[in-house]
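Asker: Right, I'll just put the structure down here and ask away after.
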Amino acid sequence: MAVCAMFLLMGCKHHPTFGYEIIVCGDDKVLILDPSQTEGEKGKVIWEWKVSEVADQLPSEYQQLLRNMDECKFTDHNQKLMLTASGGGAILLDRTTKKCLFYAKVPMAHSIEKLPGDRLVIALSTHPKGNSIEVYDIDKPEKVVFRDSLYSAHGVVWMPKEKRLYALGYDVLRAYSLKDWDSKHPSLKLEEEFEMPSEGGHDLVPIADNTLLVTNHKGTFYFNTKTGEFNTFELLEDLPNIKSVNYNPKDQQLIYTKAEISWWTHHIYMEHPSQTITIDSINLYKVRTTSIY
């Protein structure tokens with residue numbers, strides 16, 4: 001996919017930048033692939049991490065909760081990885097040292113995002129206090145600094161140019177702004193709530209400054225954050241059970257996974273050029289890339 005169209009992330013003097021990469025997760029593993037080294041259906045794994053590698057950092061009971069990885073994202077110029085597991089854990093991991101920088105024991109964690117001021121927000125679809133999104137300080141993982149109820153919370157994305165957090169629930173998409181963020185009692189202020197075209201919100205990913213891709217059990221939609229409108233994502237209109245999708249309109253790169261027999265898949269589908277990558281060692285869940293949208 002775009003083997004011929006590689007590009008680098010924008011970096012700064014103090015952070016080396018990585019080339020175009022794909023990050024995938026599932027079971028108890030996280031893999032990073034380099035599409036430029038991928039031939040045919042064989043994926044070139046350039047980095048691998050297993051839950052067992054933090055055995056000396058976390059109690060054994062926590063390691064069990066980290067199985068069934070749901071989402072993995074890059075942050076901080078690809079130097080760190082944010083991971084969630086439906087078993088009940090969320091992690092911030094240093095890519096180079098593989099050191100755990102943050103861990104929260106949270107039930108049914110589906111998505112995680114880094115916010116300004118070294119804070120993390122986690123989407124939880126099941127919680128003793130109700131489905132929710134929760135905010136933590138990275139250096140104080142035992143304390144929730146803010147929480148808001150959101151039924152079947154499955155996705156969180158920070159849009160820095162808008163300075164808004166978008167959170168996906170079962171049938172709504174919410175937009176939050178930061179309130180009293182530099183104080184000891186920060187909060188997320190609900191600005192708008194948008195009704196989804198159909199129920200079963202599943203994945204949320206930015207594809208442009210003012211555009212998000214939203215998937216659910218019935219389809220894939222793009223959402224315009226300026227107009228508040230949903231439209232069918234025509235490139236995937238006839239494909240059911242899309243699990244995750246990333247699309248870069250600059251060079252028309254499309255990467256997605258979809259359910260095969262069940263909600264687990266071993267394949268990454270890449271268009272431009274059309275290609276299927278099979279990862280035999282992992283049950284893939286969501287796919288993220290380092291594309292600049």
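Bear in mind these aren't lab numbers, they're just calculated from the coordinates by the rules spelled out. It should be emphasised that the depicted structure is a prediction, and the values quoted were computed from it without experimental measurement. Cβ: placed from backbone, ideal geometry, glycine included. Neighbour counts: every protein chain shown.
Asker: Can you tell me the dipole magnitude for the range 198-284 around its Cα centre, using point charges on the Cβ only (Lys, Arg +1; Asp, Glu -1), in Debye to the nearest 20?
Answerer: Taking the Cα centre of the range 198-284 as origin, the dipole is about 140 debye.
Asker: Hey, another quick one. Taking the Cα centre as origin and putting +1 on Lys and Arg beta-carbons and -1 on Asp and Glu beta-carbons, what dipole magnitude results for the range 130-170, to the nearest 20 debye?
Answerer: Here the range 130-170 has a charge dipole of around 160 debye.
Asker: Using the C-alpha atoms of the range 78-190, what convex hull volume per residue, in cubic angstrom, is computed?
Answerer: Dividing the Cα hull volume of the range 78-190 by its residue count gives 98 Å³.
Asker: Here are some pairs, K50/K243; K226/K250; K143/K218; which of them have Cα atoms lying more than 29 Å apart in this structure?
Answerer: K143/K218
Asker: Based on the Cα gyration tensor of the range 198-284, what are the three equivalent ellipsoid semi-axes, each the root of five times an eigenvalue, rounded to whole Å and given largest first?
Answerer: One finds semi-axes of 22, 16, 10 Å for the range 198-284.
Asker: Something else now. In the range 152-211, how does Rg compare with the Kirkwood Rh, expressed as the Rg/Rh ratio over alpha carbon atoms?
Answerer: 1.00
Asker: Considering the options T220, S183, L173, tell which one lies farthest towards the positive end of the dipole of the chain, charges being +1 on Lys and Arg and -1 on Asp and Glu at the Cβ, about the Cα centre.
Answerer: Going by the charge dipole, the pick is S183.
Asker: What order, most packed first, do the peptides 153-159, 139-145, 70-76 have when packing is the mean number of other Cβ atoms within 10 Å of each residue?
Answerer: Top of the packing list down: 153-159, 70-76, 139-145.
Asker: Using a simple charge model, +1 on the beta-carbon of Lys and Arg, -1 on the beta-carbon of Asp and Glu, nothing else, what dipole does the chain show about its Cα centre, in debye to the nearest 20?
Answerer: My answer is approximately 720 debye.
Asker: Per-residue ellipticity at 222 nm for the chain, helices alone: DSSP H runs ≥ 4 residues times -39500 (n - 2.57), over residue total, nearest 500 deg cm²/dmol?
Answerer: Taking each H run of at least 4 residues, the total per residue is -500 deg cm²/dmol.
Asker: Could you tell me which residue out of L101, F233, G155 lies farthest along the dipole of the chain toward its positive end? Charges go on the beta carbon: Lys and Arg +1, Asp and Glu -1, centred on the Cα centre.
Answerer: It is L101.
Asker: I'd like the FRET efficiency for T232 and E48, computed as 1/(1 + (r/R0)^6) with the beta carbon distance as r and R0 of 30 Å, rounded to 0.05.
Answerer: 0.25
Asker: Pairs of Cα atoms under 8 Å, at least six residues apart: use those to get the relative contact order of the chain, whole percent.
Answerer: Across the chain, relative contact order equals 15 percent.
Asker: Separate question: Averaging over every viewing direction, what projected area does the convex hull of the Cα atoms of the range 109-162 cover, in nm²?
Answerer: One quarter of the hull surface, i.e. the mean projection, equals 3.8 nm².
Asker: Between E192 and residues 5 or more places away or on another chain, which pairs have amide H atoms under 5 Å apart, with H built 1.01 Å from N, and which residues are they?
Answerer: Here A175 satisfy the definition.
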